[in-house]
Amino acid sequence: MKSNPVWRESIDLYFGEGHGFPVYLYLLVILAPVEFLSLYLPSLDTQTWSGSASLFRVSAVTALLLLVYFALRVANQEFVPWRFRPLRYWLRDQGQTSVAVSRAQVYFLLAHIAFSLLLCAPFLIWAGAIARTPLASIAVTLALLPFYALVYGVWGLATLALWERRLESRQVFIRSFFVGLVILSALFYLPLNPVAFLLAFLSRQELPPLVLFGRPWAGLHVHLAYHFVLGATGYALHRWALGREPIF
């Protein structure tokens, strides 16, 4: 991957030149006050530090929304978009294959998600310790967060490949896409909603089954299958958009 120029460009811009640092600063600036306010607003007495039962849930949901939101924006190249070379340059002028470009973009998205999770993890572990959350619940939460970020983030890559020259259209689409999916999943079958699923898991609530074709399907299986299909569809669309002609 080090020899891939698309990968090197993203790494240099975000970490070498520091253009990605505001992304991670925003992440911390939002997450830290939310944790602080969740801990202290209900009560200002000395017993506050013994732990708020909802502290970890609030922190986990906040981290989930932030990771997904910034994964979509980073994948969509919304930060310093003028510094990225267009896809036409890599695919036509430099002779890079669509597979190589796709792999570099996905790997950089994974690197961004991993670094974001690394920044969020101390806050989540601290919140879990105060709220006396079981270690297993903390571990599962730390596994679910990058999973959701990747599933929705690949749609940012697909949007970039489809409408590269239409930045404003891409920005509107990915926000509408994520908000629309969250609302529709809540209306159709609540366990499909990532926020509702995470809250139910942390609250140890049993998920209602989905009755389809006269057969009940376990809520956990439906949730995971839905997100695997959603992520695979976004990735397939991304690959197709990179390989099509012409590139818009």
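Give the residue that is nearest to S54 (Cα to Cα), with candidates limited to residues of the stretch 174-221 that are over 16 Å from the mean Cα position of the chain (by Cα) and among the aromatic types (F, W, Y).
Once the filter is applied, the top-ranked residue is F201.
Do we have any residue at all in the stretch 75-90 that's crowded, with 17+ Cβ neighbours inside 10 Å, part of a helix (DSSP H, G or I) and at pLDDT 90 or above?
Yes, the conditions are met somewhere in the stretch 75-90.
Please tell me if T62 is modelled with pLDDT of 90 or more and touching a Gly at 6+ places or on another chain (Cβ under 9 Å).
Judged against the criteria, T62 is not a match.
What pairs come up if the first residue lies in the stretch 216-236 and is in contact (Cβ under 8 Å) with a residue 60 or more places away in the chain, the second is among the aromatic types (F, W, Y), and their beta carbons are under 6 Å apart, counting only those six or more places apart or on different chains?
G234/W155
Being loosely packed, with under 15 Cβ neighbours inside 10 Å and more than 15 Å from L87 (Cα to Cα) is the filter; apply it to the stretch 219-248 and report the residue that is modelled with the lowest pLDDT.
Going through the qualifying residues, I end up with H221.
Evaluate the following for V29: is it exposed (fewer than 12 other Cβ atoms within 10 Å of the Cβ), modelled with pLDDT of 80 or more, within 21 Å of the chain's Cα centre (by Cα) and under 30 Å from F173 (Cβ atoms)?
Yes, satisfied.
Take the residues of the stretch 130-158 that are of a type in the set (S, T, N, Q) and assigned to a helix (DSSP H, G or I): which is surrounded by the fewest Cβ atoms within 10 Å (Cβ to Cβ)?
That would be S137.
If you go through the stretch 159-170 one residue at a time, do you hit one that is assigned to a helix (DSSP H, G or I), surrounded by 20 or more Cβ atoms within 10 Å (Cβ to Cβ), out of contact with any Cys (no Cβ under 9 Å at 6 or more places or on another chain) and of a type in the set (V, I, T)?
Among the residues of the stretch 159-170, at least one is assigned to a helix (DSSP H, G or I), surrounded by 20 or more Cβ atoms within 10 Å (Cβ to Cβ), out of contact with any Cys (no Cβ under 9 Å at 6 or more places or on another chain) and of a type in the set (V, I, T), which makes the answer yes.
Any idea which of (1) at pLDDT below 85; (2) farther than 26 Å from A75 by Cβ; (3) among the aromatic types (F, W, Y) is the one W163 doesn't satisfy?
If we test W163 against (1) at pLDDT below 85; (2) farther than 26 Å from A75 by Cβ; (3) among the aromatic types (F, W, Y), just (2) comes out false.
Each row is one residue, and each column tells you yes or no for (1) outside any helix (DSSP H, G or I); (2) surrounded by 10 or more Cβ atoms within 10 Å (Cβ to Cβ); (3) among the polar types (S, T, N, Q).
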position	(1), (2), (3)
I174	no, yes, no
V179	no, yes, no
A186	no, yes, no
P191	no, yes, no
V195	no, yes, no
A200	no, yes, no
Q205	yes, yes, yes
P216	yes, yes, no
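The values are calculated or read from the model by the stated rules, or taken from the named source; none is laboratory data. These numbers come from a predicted model, not from an experiment. Cβ coordinates were reconstructed from backbone atoms using ideal geometry, including for glycine residues, and neighbour counts include every protein chain displayed.
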